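Reading through the structure tokens given below for one structure.
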Amino acid sequence: MDEPFAWLTIAVAAVVTYLWRGLGVALAGRVAPDSRVLDWVTCVAYALLAGLVARMILVPVGPLASVDLWMRLAAVVAAVGCYLAVGRRLLPGVLAGATTLATLAAVSGL
Amino acid sequence: MTQPPPPAPPASADDPAARLGGGRALRRGVIEALGAPALLLFASYLGFGSLVHGAELSLFAGLASTIATFALPGQIVAVELYATGATLTGIALAVALTNVRLLPMTLALVPRFGRAPRWQLYALAHVIAVTGWVQAMTVFHRVPVADRVPYYAGFAAVLLSSTLTGTVCGFLASDAVPAAISLGLIMVNPIYFLLMLSRNLAVPAHAWAMGFGVVLGPSLHLLSPDWGLLATGLIAGTAGFVIGRRPLRRRNG
């Protein structure tokens, strides 16, 4: 059903992910978790994730591309608003965002 | 009557008499994972399941990804880049950079397991991800050292089950529910990560890195779908690192 490339992608993603964890066990006690290199690496990881999130919302690749930009942004506003209103709890925020998008998509006839 | 009062919780972590023993520690981990942690991961893997469906991958590919990777951001990067037709090298580097945070996380967590056998540590390392890590860092002071491996194993076992269930439900729901609802499910992850990331804005370097990332992510993707994300991480991350350090250096002389 999947192309071999799909399985290769999943395998490679799994291997490079475990590599960090295995390395963490191997180096534990020898490298300080707060060294400068790890500081930089953490910044890169945050930047990459933030870039990915912005990309997924502003320039979606899959089915989300069929939803208007303003609807995606409205979902984000609803999520952040609800998250802050309930005292920074993730679940209500996530639910509000997803529900807002689903509702807007349904109303617009998708 | 003359006995001293029971030791404070932090001290009891090193007290052999306070040990629960393997089975009970494991059960305690299971019980503490049931609830918000399991529910939140279930919800976010609902989104991953729909994303897998949207990328025209099979359910088995999605489940394999969840079991073998067990770190949502990297899984999403892999599926998203697969859907955009990126090269294997590009995918490997982007996933590696996305998940590199697991290295400092593991470095910080492993010493807290005490003198556990190496094979147990290497096995447990596979289920170190944000939810379990935060839980461990928060509660380990009240879990006796010898109980921590079974405790974490029980906690992570629940999380793994809930991620697998979420992947299945999200995938199947994409076919079963109206398109609007499945779009809502796909939206779960960008929103979940957005909110999670917003909790790390307190460190200036991280805030700058994320700010640059938000600007560069979409723009560099339009320039190069293959390398855009990777370049975003390196450029925005390095810029954030440099800017975030500067005030500190000035203050130090």
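A few comments on the model shown:
- Two-site FRET efficiency, residue A:74 against residue B:134, from Cβ-Cβ distance with R₀ of 35 Å, rounded to 0.05: 0.75
- Residue exposure sequence - B:137, B:187 - by fewest surrounding Cβ within 10 Å: B:137, B:187
- Å³ per residue enclosed by the Cα convex hull of the protein assembly as shown: 164 Å³
- Taking the Cα centre of chain A as origin and assigning +1 to Lys and Arg Cβ atoms and -1 to Asp and Glu Cβ atoms, the resulting dipole is close to 340 debye.
- Comparing A:40, A:70, A:20 in a Gaussian network model of chain A, where Cα atoms under 10 Å apart are tied by springs, the biggest mean-square fluctuation is seen for A:20.
- Cut-off 13 Å between beta-carbons: net charge of the residues surrounding residue B:206, Lys and Arg +1, Asp and Glu -1: +2
- Computed from the Cβ-Cβ distance with R0 of 41 Å, the FRET efficiency linking residue B:87 to residue B:31 stands at 0.35.
- FRET efficiency for residue B:222 and residue B:172, using Cβ-Cβ distance with R0 set to 35 Å, rounded to 0.05: 0.55
- Cα gyration tensor shape of segment B:200-253, rounded if a/c is under 1.5, else prolate or oblate by comparing a/b with b/c: prolate
- For chain B, calculated [θ]222 nm from helices alone, where every DSSP H run of n ≥ 4 adds -39500 (n - 2.57): -24500 deg cm²/dmol
- Rounded tilt (10° steps) of B:228-251 against the dominant C-alpha axis of chain B: 60 degrees
- Choice from A:100, A:17, A:42 showing the highest fluctuation, given a GNM over chain A with Cα pairs closer than 10 Å: A:17
- For chain A, a Kirkwood hydrodynamic radius built from all Cα pairs, placed in the Stokes-Einstein relation at 10 °C and 1.306 mPa s, yields a translational diffusion coefficient of 91 µm²/s.
- Fewest-first ordering of A:34, A:39 by other beta carbons within 10 Å of each residue's beta carbon gives A:34, A:39.
- Ordered by the number of other Cβ atoms lying within 10 Å of each residue's own Cβ, fewest first, A:88, B:112, A:55 fall into the sequence A:88, B:112, A:55.
Read-outs throughout are calculated quantities, based only on the coordinates presented, and are distinct from any laboratory measurement. Small disclaimer: the values here were computed from a predicted structure and weren't measured. For neighbour counting, all protein chains shown are included, and Cβ atoms are generated from backbone atoms with ideal geometry for every residue, glycine included.
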